[in-house]
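Asks: For reference, the structure I am asking about is given below.
The values are calculated or read from the model by the stated rules, or taken from the named source; none is laboratory data. Quick caveat: nothing in here was measured; it's all calculated off a predicted structure. As a convention, Cβ positions derive from the backbone with ideal geometry for all residues, glycine included, and neighbour counts pool all protein chains shown.
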Amino acid sequence: MEALFNWLNGIIWSNALIALCLGAGLWFTLRTRVMQVRGFAEMCRLTVTGQKSDAGVSSFQALAISMAGRMGIGNIAGVATAIAYGGPGAVFWMWVMGFLGASTSYIECTLAQIYKEKDAEGRYRGGPAYYIEKAMGLKWYAVTFAVATVIATGLLLPGVQANAIADSASNVLCGAGACEAVGGAGALKLWIGLGVAAVLALIIFGGIKRIATFAEVVVPFMALAFILMAVIVMIANAGKVPAMFADIFSSAFGAHAAFGAIIGQAIAWGVKRGIYANEAGQGTGPHAAAAAEVSHPAKQGYVQAFAIYFDTMLVCTSTAFLLLSTGMYNTFRTVTENGKDTLVAIVSGVPGLQPSEGAQFTQAAVESVLPGWGAGFVALALFFFAFTTIMAYYYMAETNLTYLAGVKKTHPLATLLLRLGIVGMVVFGAYHNAAMAWTLGDIGVGLMAWLNVIAILILQKPALIALRDYERQKKLGVDPVFDPEALGIRNAHFWKKQA
């Protein structure tokens, strides 16, 4: 079974998907006239303004929910895994993916706002399934995405986050003698999974408002605390920072003596983990974006573009600097002998650790500067990162379940089964091995990315029209409002009623 999943993952994450994501980001950057640079000040302004209602959440709450989904273990463990397979050069390609991905996020999240609707309970719902059906008119395509998302975010992806929580926590607790007390590391991970699942159940059974409130408080705090820790570690290793930057740029283009042979891996893993971390193009961010109460769809597009900057340029970069400035990372190249792939170490900063044990690299990095509590801090940070991501995954799965229900209210049994399923997968993921959890998570991310990127390349026009309309109204000195009929945008039924 593991071999089957690895084979499937290899097909999904072929060079074609990497080229598609990079190409789409570059295309949208050109088509929006580099809005992620021109509109940076507007992104920052809109992030802290806005309103909420009984039907929707504020722009900041929508940002917090989407950031909860983006800022998971990809920001801590995923970055370490990218460096393990691609070397320091992978960090540069994550930056590239983050910059280009900001425009991709604008397109998909603006589309989600344009084609959002109210569900049977009067709440805003939207996302790729909604804009695929309304703008493309392909119901089967929309249903395919919805089903894939329910499976990915409800079953495949939560296990990756739970596994990282259990691994990092057990790494700390076993050192304090907790493993012996409960019967071994496996038993401890199981208890950790059960504890996380219980807390998750308390929140997701409270619905979107409880999720938004929790995310609004926790996400900014945990991100800033982690960034501050990275700054402290970099200051402590200030003498190594110039060499760190030199390694990043030289290995990104194959000029580094040790890492030059793996430039292909640097690009592939930088893009792959960049997508996993910031989720631009994956189709997850639009679900939260559609829930925002705004007067114009482009407003939330700007806010979600800013989310990519914050996630990749600040949080992912903080992890990368932690690892590279302390030297606490491993990098491998793949050698094929007799038809079998073997990992050969190029750098062994933390001997014995494998790429799938990414969180432990970050723990080792902080521990090297702040011995005695650095590993515990990373475990706590990773808990909040991963937990809020699982919470956001539930919201995305629930939104697509609502889409599949159509005009009817989602059957209570279906909602209950989804909640029990995601809670069960948290326990399963915490106990299962990390390599399998990552493989399943990659399959989920890849499926959604294929379906969504192709869709937004076809459907980009309404989002571009909305951007021009927003900029035109801003020049007139008014707070932009959206009228789809005047702009020639069809099937934006919610906005047609508002106009």
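Asks: Name the helices (runs of 4 or more DSSP H) wholly within segment 70-154 that hold at least 3 residues that are within 20 Å of the chain's Cα centre (by Cα) and surrounded by 22 or more Cβ atoms within 10 Å (Cβ to Cβ)? So that I can check it myself, show each step before the final result.
Replies: Values: elements: 77-86, 89-114, 128-131, 139-151.
Ranges flagged: 77-86, 89-114, 139-151.
Asks: To continue, here is another question. Applying the selection to segment 178-198, what residues are surrounded by fewer than 18 Cβ atoms within 10 Å (Cβ to Cβ), aliphatic (A, V, I, L, M) and at pLDDT 85 or above?
Replies: 194, 198
Asks: Since residue 393 meets every condition but one in (1) surrounded by 21 or more Cβ atoms within 10 Å (Cβ to Cβ); (2) modelled with pLDDT under 85, which condition does it not meet?
Replies: All conditions are met except number (2).
Asks: Are any of the residues in segment 423-444 of a type in the set (Asp, Glu), out of contact with any Ser or Thr (no Cβ under 9 Å at 6 or more places or on another chain) and farther than 16 Å from residue 154 by Cα?
Replies: no
Per-residue answers, yes or no, for (1) touching a strand residue (DSSP E or B) at 6+ places or on another chain (Cβ under 7 Å); (2) modelled with pLDDT under 85; (3) hydrophobic (A, V, I, L, M, F, W, C):
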position	(1), (2), (3)
7	no, yes, yes
10	no, yes, no
15	no, yes, no
23	no, no, no
29	no, no, no
43	no, no, yes
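Asks: Just give me the residues in segment 355-367 being of a type outside the set (A, V, I, L, M) and in contact (Cβ under 8 Å) with a residue 12 or more places away in the chain, in sequence order.
Replies: 355, 356, 357, 358, 360, 361, 362, 363 - these are the residues of segment 355-367 that are of a type outside the set (A, V, I, L, M) and in contact (Cβ under 8 Å) with a residue 12 or more places away in the chain.
Asks: For the list (1) farther than 30 Å from residue 462 by Cα; (2) of a type outside the set (Val, Ile, Thr); (3) at pLDDT 85 or above, I need the number of the one condition that residue 175 fails.
Replies: Condition not satisfied by residue 175: (3).
Asks: Here's another thing I want to ask about it. Does residue 225 fit the bill of being more than 22 Å from residue 96 (Cβ to Cβ), over 25 Å from the mean Cα position of the chain (by Cα) and at pLDDT below 85?
Replies: Details: more than 22 Å from residue 96 (Cβ to Cβ): yes; over 25 Å from the mean Cα position of the chain (by Cα): no; at pLDDT below 85: yes.
Against the criterion (more than 22 Å from residue 96 (Cβ to Cβ), over 25 Å from the mean Cα position of the chain (by Cα) and at pLDDT below 85), residue 225 does not qualify.
Asks: Are any residues in segment 311-350 free of Cβ contacts under 8 Å to residues at least 40 places away in the same chain and charged (D, E, K, R), and if so, which ones?
Replies: 337, 340, 341
Asks: Here is a follow-up. Filtering segment 1-50 down to residues that are within 19 Å of residue 464 (Cβ to Cβ) and small (Gly, Ala, Ser), which residue is nearest to the chain's Cα centre (by Cα)?
Replies: 25
Asks: Then there is this: Among the residues of segment 412-424, is there at least one that is within 21 Å of residue 136 (Cα to Cα), over 21 Å from the mean Cα position of the chain (by Cα) and either crowded, with 21+ Cβ neighbours inside 10 Å or at pLDDT 85 or above (or both)?
Replies: Narrowing segment 412-424 to residues within 21 Å of residue 136 (Cα to Cα): none.
Scanning segment 412-424, I find no residue that is within 21 Å of residue 136 (Cα to Cα), over 21 Å from the mean Cα position of the chain (by Cα) and either crowded, with 21+ Cβ neighbours inside 10 Å or at pLDDT 85 or above (or both), so the answer is no.
Conditions tested, residue by residue: (1) over 16 Å from the mean Cα position of the chain (by Cα); (2) within 23 Å of residue 389 (Cα to Cα); (3) aromatic (Phe, Trp, Tyr).
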| site | (1), (2), (3) |
| --- | --- |
| 296 | yes, no, no |
| 303 | no, yes, no |
| 350 | yes, no, no |
| 356 | yes, yes, no |
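Asks: Residues to consider are 254, 283; find the one that is on the phi > 0 side of the Ramachandran plot, modelled with pLDDT under 80 and in a loop (DSSP other than H, G, I, E, B).
Replies: Selected residue: 254, the only one of 254, 283 that is on the phi > 0 side of the Ramachandran plot, modelled with pLDDT under 80 and in a loop (DSSP other than H, G, I, E, B).
Asks: Please specify each residue of segment 7-35 satisfying the condition of being polar (S, T, N, Q) and within 12 Å of residue 100 (Cα to Cα). Give the derivation first.
Replies: Taking segment 7-35 as the starting set, the residues that turn out to be polar (S, T, N, Q) are 9, 14-15, 29, 32.
Correct list: 29, 32.
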